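Student: Input: one structure, supplied below.
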Amino acid sequence: MKEVFVLELPLQVEKYQADILNKRYEQLRQLYNYVQGKLLRQYKYFDQMAEFQACKTINEKRIFFRNHPFHIKGILGGDKEPLNITFDEYGINAFVEKLVQKSAGPNMTYADLGFTTYVFDHLSSGIWRAWEKMLYDYRAKRISFKKYGELNSFSSRRKVVRGKIYFSGMELNLERMELSIKLNGKVGKSSKFTTLPILHNPKHADYEMWALKGGLDSVKVLKVVRRLVRGLYKYYLQMSIEGEKPQKGRTLGKGNVGIDLGPTTIAISGQDIVCIDKLAPKCDNIQKEITRLARKIDRSRRANNPQNFNEDGTIKRGARLVWSDSKRYRELRREKAELQRKQAVIRKQQHIDRANALLEEGETFIVENNPISAWTRRAKETKVNEKTGRIQKKKRFGKSVANHAPSMFVSILENKVKSLGGQLIKADPKNAASQFDFTDGSFEKHELNERSVTLSNGDTHQRDMLAAFNLQHLKGDKQYDTEAMERHYERFCELEKKEIMRYKNKEKKDDRSTIAASDFL
């Protein structure tokens, strides 16, 4: 299977074209909710059946759905036969594709508006992902419907007819760098298109030229995406391209690099680097502002809708509530959405920058495959503080993980390393890298608040940096290359001292973008 990568380029969209695209997104959103409503009603019927309730495993559920096809009458209108639908990917996809013939207005179907079955394939995949999670993931409790403005993409995949390449519902011209979107169901000279120029960045011209060197033959999928930026929608073309991903002149170093990840921090140990730092440190100040805005939004909503809240401050249940939103409330929500967008962009860019800097430190990267989702779960055991007598909070690291996204960093680094011919090894946490003492080969468990570890030889090290050093020399199941560790230990101690001094100097400069050395030592 050939490698596939995505190239994203901005589109130049006029006001009237933006209105056309926004109307198309809204039509797809309404269709998405229509399908989900029909499927949800059928699922509730199945859920009451004793035969379905007896299904305990995923395989038993799949067999049940395969043996119980159902019909939804009146979908296409008229006297057309009802569709035969099953609760699986192919059944839902066939159902959604047929909706191209559904009425979208007086004497008009979705096909007459330029929609094709290829465009609806993208819609059906999103519907199936939601149901797959609902049916087979015990953590999923319900199906959600998309609110106004929440569906922000549509796509079309390539098809070949008589040796010619087409994108159903779209046309891509790489010579003129233009994307044309079909607006009616006619063919030939009667077909109507709106043409959007594709923009490019002169700084990245070489990269884009390399990515598109295969021409239309290499482009598999076209997706038109919109994003809300500073209160205005901007539109982008994403092309899924088959072939070798273009490189930017980066090369891998030599040797192993150990990485110890925490909810907010990363510790690194390699032949010429020992480092500990905060993941995406610039996101912290933004999160404080988002939290402040969330409180303002809540106060505004309560002040404008006192009838919807109980005396204890909880929202009333059991009745259909009518909400009145003030102009200030809507402005605050837009401001919060913009900050969240900036935070996401900054977080991803900082992860990319850090991953690029790490590439030259080695060719094999070893990181513990920690269940990061488990860090976000609330504690089950109720504990009482011995000093205050109060019940301790059950919160763990949910907000920290959400703000700093350690899993995203691992995914970005893995993709970059593999594209350059290296490897990223996800080691089992049972290897206990933070517990291993190579000086005597023992394992000693440490509490979470123990930030420094003393080895049997009397040397004291920062816990996370020592764990990264151990991961750097991991060979197998709780097996470490102690001979190599003895050779590299003196160099590790030297680099660790320099790293500690770096933090102390940053503390003196009161650099808010970094964390204090006392947080680690």
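Student: Say a site is exposed when it is one of the GluC sites (Glu not before Pro), sits in a DSSP loop, and has at most 10 other Cβ atoms within 10 Å; what is then the longest site-free stretch of the chain?
Tutor: 1-174
Student: Still on this structure, please answer the following. Normalise the Cα radius of gyration of region 123-264 by 2.2 N^0.38 Å (N = residues in it) and let me know the number.
Tutor: 1.40
Student: How much length, in nm to one decimal, is gained on full extension between Ala484 and Lys44, taken as 0.36 nm per residue of separation minus their Cα-Cα distance?
Tutor: Contour length minus Cα-Cα distance gives 152.3 nm.
Student: So for region 330-384, Kirkwood radius off the Cα pairs, Stokes-Einstein at 25 °C and 0.890 mPa s: how many µm² s⁻¹?
Tutor: 159
Student: Would you kindly give the portion of the calculated P(r) for region 276-347 that falls above 18 Å, as a percent of all Cα pairs?
Tutor: 53
Student: Which of the pairs Lys395/Lys497; Lys393/Lys478; Lys278/Lys430 have their Cα atoms more than 28 Å apart in this structure?
Tutor: Lys395/Lys497; Lys393/Lys478
Student: I need the phi-derived Karplus couplings for region 420-435: 6.51 cos²θ - 1.76 cosθ + 1.60, θ = phi - 60°, integer Hz, Gly and Pro marked x.
Tutor: 9, x, x, 9, 10, 9, 9, 7, 5, x, 5, 5, 6, 4, 7, 9
Student: Please compute the Kirkwood hydrodynamic radius over region 233-367, one decimal place, Å, based on all pairs of different Cα atoms.
Tutor: For region 233-367, inverting the mean 1/r across all distinct Cα pairs yields 19.5 Å.
Student: Based only on Cα atoms, what Rg/Rh ratio does the chain have, Rh being taken as Kirkwood's radius?
Tutor: Ratio value, two decimals: 1.01.
Student: Taking region 132-203, how much of its Cα-Cα pair set, in percent, is spaced more than 16 angstrom apart?
Tutor: For region 132-203, the share of Cα pairs beyond 16 Å comes to 69 percent.
Student: What are the trypsin sites (Lys or Arg not before Pro) within region 205-267 that DSSP puts in a loop, where the Cβ has at most 15 other Cβ atoms within 10 Å?
Tutor: Within region 205-267, the qualifying trypsin sites (Lys or Arg not before Pro) (loop, at most 15 other Cβ atoms within 10 Å) are Lys213, Arg230, Lys248, Arg250, Lys254.
Student: Determine, at each q value in 0.17, 0.18 (inverse angstroms), the log₁₀ of I(q)/I(0) that the Debye formula gives when each Cα of region 48-155 is one equal point scatterer.
Tutor: -0.97, -1.05
Student: A further question follows. Where the accessible area of the chain is counted over protein heavy atoms with a 1.4 Å probe, how much of it, in %, is carbon and sulfur?
Tutor: 48
Student: Step through the residues of region 150-159 one at a time and calculate ³J(HN,Hα) from phi using the Karplus curve (6.51 cos²θ - 1.76 cosθ + 1.60, θ = phi - 60°), rounding each to whole Hz and writing x for Gly and Pro.
Tutor: 3J(HN,Hα) across region 150-159, in whole Hz: 8, 9, 10, 7, 8, 8, 8, 9, 6, 9.
Student: Roughly how many Å² is the accessible area per residue of the chain, as a whole number, for a 1.4 Å probe?
Tutor: For the chain, the solvent-accessible area averages 60 Å² per residue.
Student: When 1/r is averaged over all different Cα pairs and the result inverted, which Kirkwood radius in Å belongs to region 382-494?
Tutor: It works out to 16.9 Å.
Student: To one decimal place, what orientation-averaged projected area in nm² is obtained for the convex hull of the Cα set of region 224-284?
Tutor: 7.9
The values are calculated or read from the model by the stated rules, or taken from the named source; none is laboratory data. Note that this is a predicted model, so its numbers are computed, not measured. A quick note on method: Cβ atoms are made from the backbone with ideal geometry, for glycine too, and the neighbour counts reach across all protein chains shown. Surface accessibility is based on the protein's heavy atoms, side chains included, excluding ligands, DNA and RNA. Shrake-Rupley method; radii C 1.70, N 1.55, O 1.52, S 1.80 Å.
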